[in-house]
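Novice: Encoded as structure tokens, here's the structure I'll be asking about.
The values are calculated or read from the model by the stated rules, or taken from the named source; none is laboratory data. Just so we're clear, the structure is a prediction, and the values are computed from it rather than from any experiment. Positions of Cβ are generated from backbone atoms using ideal geometry, with glycine treated the same way; all protein chains shown enter the neighbour counts.
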Amino acid sequence: MSDKSELFKLWIKHKKAETSANKKRVEVEKQLIEIYGLDFEKKSKTFTEEELGFKLTIGKTDKANLDQDRYKITRQAIPANLRPEEEILIYKLIPKGMDYLQKNHLEIYQKISGCIETKPGKPSVKVEKI
């Protein structure tokens with residue numbers, strides 16, 4: 001077994017390589033997103049390049065955060081069993097709860113929607129050899 005000093009040096013060496021590889025991969029992902037785009041309805045889309053022997057899946061997310069002050073006022077008019085939240089120190093949306101309200105209690109969904117700030121999240125990229 002190697003001594004501690006050697007292990008520390010190896011860890012630093014590999015960590016630098018990992019960080020460098022990650023930066024390079026992220027840059028390639030940006031280029032792939034520029035080529036294929038994010039203009040699709042669903043949360044992900046798969047592009048198959050049969051002649052190249054690759055399949056590319058690009059995923060996209062939206063981040064939704066509650067405006068805490070507005071929601072504290074709005075939530076008073078919503079029955080406790082229909083609040084799509086989790087109370088910790090701040091109110092956090094439960095996406096499945098919002099889906100339920102949108103389908104079954106549209107008026108409550110619309111009230112809560114006014115408290116939600118949505119912004120795009122980081123897209124994901126997955127390349128597979130086929």
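Novice: How many residues does region 20-57 contain that are touching a Ser or Thr at 6+ places or on another chain (Cβ under 9 Å) and more than 30 Å from Gln110 (Cα to Cα)?
Specialist: Kept after step one, since they are touching a Ser or Thr at 6+ places or on another chain (Cβ under 9 Å), are these residues of region 20-57: 29, 43-47, 54-57.
Checking the rest, the ones that are also more than 30 Å from Gln110 (Cα to Cα) come to 29, 46-47, 54-57.
So the answer is 7.
Per-residue answers, yes or no, for (1) at pLDDT 95 or above; (2) outside any loop (DSSP other than H, G, I, E, B); (3) touching a strand residue (DSSP E or B) at 6+ places or on another chain (Cβ under 6 Å); (4) within 23 Å of Ile130 (Cβ to Cβ):
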{"position": "Leu7", "(1), (2), (3), (4)": "no, yes, no, no"}
{"position": "Trp11", "(1), (2), (3), (4)": "no, yes, no, no"}
{"position": "Lys15", "(1), (2), (3), (4)": "no, yes, no, no"}
{"position": "Thr19", "(1), (2), (3), (4)": "no, yes, no, no"}
{"position": "Asn22", "(1), (2), (3), (4)": "no, yes, no, no"}
{"position": "Phe40", "(1), (2), (3), (4)": "no, no, no, yes"}
{"position": "Ile58", "(1), (2), (3), (4)": "yes, yes, yes, yes"}
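Novice: Something else now. Go through the residues of region 63-79 one by one and say whether even a single one is in contact with a strand residue (DSSP E or B) (Cβ under 6 Å, 6 or more places away or on another chain) and of a type in the set (A, V, I, L, M, F, W, C).
Specialist: Yes, there is a match, as at least one residue in region 63-79 is in contact with a strand residue (DSSP E or B) (Cβ under 6 Å, 6 or more places away or on another chain) and of a type in the set (A, V, I, L, M, F, W, C).
Novice: Then there is this: Looking at Thr61 and the list (1) loosely packed, with under 10 Cβ neighbours inside 10 Å; (2) under 20 Å from Thr118 (Cβ atoms), which single condition is not satisfied?
Specialist: The failed condition is (1).
Novice: Please determine whether any residue of region 83-96 is more than 30 Å from Glu29 (Cβ to Cβ), among the acidic types (Asp, Glu) and crowded, with 16+ Cβ neighbours inside 10 Å.
Specialist: Filtering region 83-96 down to residues more than 30 Å from Glu29 (Cβ to Cβ) leaves 83-91.
Those still in the list that are among the acidic types (Asp, Glu) too: 85-87.
From the residues that got through so far, the ones that are crowded, with 16+ Cβ neighbours inside 10 Å too are 85.
Checking region 83-96: at least one residue is more than 30 Å from Glu29 (Cβ to Cβ), among the acidic types (Asp, Glu) and crowded, with 16+ Cβ neighbours inside 10 Å.
Novice: Need pairs with beta-carbon distance below 9 Å; first residue more than 25 Å from Lys126 (Cβ to Cβ) and within region 2-27, second surrounded by 10 or more Cβ atoms within 10 Å (Cβ to Cβ) and not small (Gly, Ala, Ser); sequence gap 6+ or separate chains.
Specialist: Going by the 9 Å Cβ cut-off, the qualifying pairs are Ser2/Leu10.
Novice: A further question follows. Working only within region 42-56, note down all residues that are in a loop (DSSP other than H, G, I, E, B) and either touching a strand residue (DSSP E or B) at 6+ places or on another chain (Cβ under 8 Å) or under 12 Å from Ser124 (Cβ atoms) (or both). Let's see the steps before the verdict.
Specialist: Applying the first criterion (in a loop (DSSP other than H, G, I, E, B)) to region 42-56 yields 42-43, 50-53.
Across region 42-56, the qualifying residues are Lys43, Gly53.
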